[in-house]
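Okay, structure first, notes after.
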Amino acid sequence: MNKSSTANTSITSTQLRILQKDLHQAIAPFYTFNRQISITRFATIGMVCLASTIMAWYSHQQWAFILWTVFAAITYGFWLVCTHDAVHQTLTGWRNVDLWLARLISWPIWWPVGVYSELHWLHHSRNGKDLRDPERVQWSEIEYQQCSPIVRWYVRHQWAWNILIAGSFGLIGNAFAKGWHYRQERPQLHRQMTLDLLGILLLHGSLFILVGCYGIWGKYILFWLIVEWVVGVMMQTRAHLEHYDCWCPHQSPLLTQLYSTRNVNGSLWVNWLMGGLPYHSIHHAFPKIPFDQLPQAYQAVQIVLQKHGQIPLEMETGYWQSTIKNTKVYSLIMDN
């Protein structure tokens, strides 16, 4: 299945110009950034994560240690989502503060957020129209035909493999690999890759010394394996839901972004935890809109699309339902 027919491509250039003008006017009220809301979210999730981590390490029983670690890992996943706000400078609004807060919560899990920050801007400019998108999760038809049988098997089962097996280690490896691949095109990647590697190695080198002094290697390894697996499941699921089977190039870059991403229905609480990512098409089309304004912006965009006779944006029923449904989907990007 390919969704290239999702958007109405029969629109004239004049109609398109008016449509885009109306879209920008409709979302203009939603750019207001409330630093207090964003920082409160970051601090609240962070405190819950750190508190549950402390509870895990002070647990004397194995079952309590594992349960608290799993809870800490889940909250860590939501905390890590805040790094997406940091990349777009909608966490505190101060670029250097945002990036250092992102590094603070990314390096413990070996996530090279500096590399990701550079690749993410390429992703926003290429999503849905350029196969060189570094965050593309869907394979093209020609790539599938040219790869080996074992890689073809992976492509057909990538949801289960990436989410349950590759997890965070797959994301980390892919970020470094793509960073190296695109280093000539985006020279800032050299500095970010060096900084991420040094930060991660220094942090974990210090932790290794501390763990060695207390002789708790087994507990330490178990803790991080659980955290890496749980966070990996969350982040891989998010990455696939947001873009798999949504490749939809359009004559308008704005409409390409609106129709080449997936929206997932959720409560205000879910939107708060996920930093607005359930309304992913709106974020891609208008990346400077803060997370708390995205639900209202989504409704405004739908009204404009309906007014202009465009197909409304799709909204999946929920994260669990959408994941289960889409794990059964095998789709390739068709050659144009």
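The values are calculated or read from the model by the stated rules, or taken from the named source; none is laboratory data. It should be emphasised that the depicted structure is a prediction, and the values quoted were computed from it without experimental measurement. Quick reminder, even Gly has a Cβ in these numbers, built from the backbone with ideal geometry, and neighbours come from all protein chains shown. Just the protein is used for accessible areas: all its heavy atoms, side chains included, with ligands, DNA and RNA removed. Shrake-Rupley method; radii C 1.70, N 1.55, O 1.52, S 1.80 Å.
State yes or no: is residue 79 without any contact (Cβ under 8 Å) to a residue 12 or more places away in the chain, open to solvent by 20 Å² or more (accessible area, probe 1.4 Å) and of a type outside the set (Ser, Thr, Tyr)?
no
Could you tell me whether region 53-65 includes any residue that is of a type in the set (Ser, Thr, Tyr), part of a helix (DSSP H, G or I) and open to solvent by less than 10 Å² (accessible area, probe 1.4 Å)? No, that holds for no residue.
Restricting attention to region 316-334, the residues that are open to solvent by less than 60 Å² (accessible area, probe 1.4 Å) and of a type outside the set (D, E, K, R) total 9.
Restrict the check to region 212-219 and report whether at least one residue is surrounded by 20 or more Cβ atoms within 10 Å (Cβ to Cβ), within 27 Å of residue 104 (Cβ to Cβ) and out of contact with any Asp or Glu (no Cβ under 8 Å at 6 or more places or on another chain).
no
Listed by position, the helices (runs of 4 or more DSSP H) contained in region 225-302 that have at least 3 residues being open to solvent by 20 Å² or more (accessible area, probe 1.4 Å) are 268-273.
No other residue among 134, 108 is in contact with a helix residue (DSSP H, G or I) (Cβ under 8 Å, 6 or more places away or on another chain), farther than 28 Å from residue 72 by Cα and open to solvent by less than 40 Å² (accessible area, probe 1.4 Å) apart from 134.
For region 161-192: of the residues being of a type in the set (D, E, K, R) and part of a helix (DSSP H, G or I), which is most open to solvent (accessible area, probe 1.4 Å)? It comes out as 191. The residues of region 8-27 that are exposed (fewer than 12 other Cβ atoms within 10 Å of the Cβ) and either in a helix (DSSP H, G or I) or modelled with pLDDT of 95 or more (or both), listed by number, are 13, 14, 21, 25.
Residue by residue, here is whether (1) in contact with a Cys (Cβ under 7 Å, 6 or more places away or on another chain); (2) within 30 Å of residue 19 (Cβ to Cβ); (3) of a type in the set (A, V, I, L, M) holds:
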position	(1), (2), (3)
193	no, no, yes
214	no, no, no
219	no, no, no
225	no, no, yes
236	no, no, no
242	no, yes, no
260	yes, yes, no
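Residues of region 262-280 that are of a type in the set (A, V, I, L, M, F, W, C) and in contact (Cβ under 8 Å) with a residue 40 or more places away in the chain: 264, 270, 272, 273, 274, 277.
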